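Peer 1: I'd like to ask you about the structure that follows.
Rule-based calculations on the coordinates, nothing more; no lab input. Only a predicted model underlies this, so the values are computations on that prediction, with no experimental measurement involved. Neighbour counts are summed over all protein chains in view; Cβ atoms, including those assigned to glycine, are modelled from backbone coordinates with ideal geometry.
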Amino acid sequence: MKKIYPLFGLLLLLLVAIGCGKTISSAPDVTFTTLTGQKIALKALRGKPVLVTFWATDCPSCLEEIPVLIDLYNRHHDSGLEMIAVAISYDPPNHVIDLTKERQLPYNVALDLNSEFAQAFGGVMFTPSTFLLAPDGSVINHQIGLFDPEKLNTMIQALIKAN
């Protein structure tokens, strides 16, 4: 019986942690500053589909998604897709800069030094966390963990076609 209590406590803690984030239905009013110093206001991207992904350089799933994100960006950017990768607050900026250069990320990368963006997106706590925003700013999809590349590609294509 004594072994059940620690497992129950761990399960309860996990359920509480998962429930701490809140669901958002529309893009928050935030302005990202990219690694190159460019300011990107989400409001200014209205009229385009936008993919915002929260990631970290020490997150294996995040690193696994990078080639897929690059492919999605290369396939759909000319048709209007915008993409912003937001490095989670605990990630050292020099690691983010180095990885961005090493992997030659073609999309915008921003730092979330004070968790401002994570909070604005409903309290993002886990990476990767990906949000697909419709041209009107509504959240079409929010995925915690690895996303299904084909499903995401299909959703992006539908948004571009409808726009």
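Peer 1: For VAL68, state whether it is within 14 Å of the chain's Cα centre (by Cα) and either part of a helix (DSSP H, G or I) or surrounded by fewer than 12 Cβ atoms within 10 Å (Cβ to Cβ) (or both). Outline the logic, then answer.
Peer 2: Numbers: within 14 Å of the chain's Cα centre (by Cα): yes; either part of a helix (DSSP H, G or I) or surrounded by fewer than 12 Cβ atoms within 10 Å (Cβ to Cβ) (or both): yes.
Spelling it out, VAL68 is indeed within 14 Å of the chain's Cα centre (by Cα) and either part of a helix (DSSP H, G or I) or surrounded by fewer than 12 Cβ atoms within 10 Å (Cβ to Cβ) (or both).
Peer 1: Mind checking which residues of the stretch 139-163 are assigned to a strand (DSSP E or B) and more than 14 Å from LEU51 (Cβ to Cβ)?
Peer 2: Within the stretch 139-163, just ILE144 meets the criteria.
Peer 1: Touching a Lys or Arg at 6+ places or on another chain (Cβ under 7 Å), among the hydrophobic types (A, V, I, L, M, F, W, C) and touching a residue at least 12 places away in the same chain (Cβ under 8 Å): does that describe ILE144?
Peer 2: Details: touching a Lys or Arg at 6+ places or on another chain (Cβ under 7 Å): no; among the hydrophobic types (A, V, I, L, M, F, W, C): yes; touching a residue at least 12 places away in the same chain (Cβ under 8 Å): yes.
The answer is no for ILE144.
Peer 1: Against the conditions (1) surrounded by 12 or more Cβ atoms within 10 Å (Cβ to Cβ); (2) more than 21 Å from PHE126 (Cα to Cα); (3) not acidic (Asp, Glu), where does PRO28 fall short? Just the number, please.
Peer 2: Every condition holds for PRO28 apart from (2).
Peer 1: On to the next question. When both residues are 6+ apart or on different chains and their Cβ atoms are under 6 Å apart, which pairs have a first residue that lies in the stretch 30-53 and is charged (D, E, K, R), and a second that is crowded, with 19+ Cβ neighbours inside 10 Å?
Peer 2: Listed by first residue and then by second, the contacts come to LYS48/GLU82.
Peer 1: Further question: If I filter the stretch 95-134 down to residues being outside any loop (DSSP other than H, G, I, E, B), touching a residue at least 12 places away in the same chain (Cβ under 8 Å) and polar (S, T, N, Q), which single residue comes out as farthest from LEU51 (Cα to Cα)?
Peer 2: THR100
Peer 1: Go through the stretch 71-94 and report how many residues are part of a loop (DSSP other than H, G, I, E, B) and more than 22 Å from THR31 (Cβ to Cβ).
Peer 2: Taking the stretch 71-94 as the starting set, the residues that turn out to be part of a loop (DSSP other than H, G, I, E, B) are 80-81, 88-92.
Pick out the ones that are also more than 22 Å from THR31 (Cβ to Cβ) and you get 92.
Number satisfying all stated conditions: 1.
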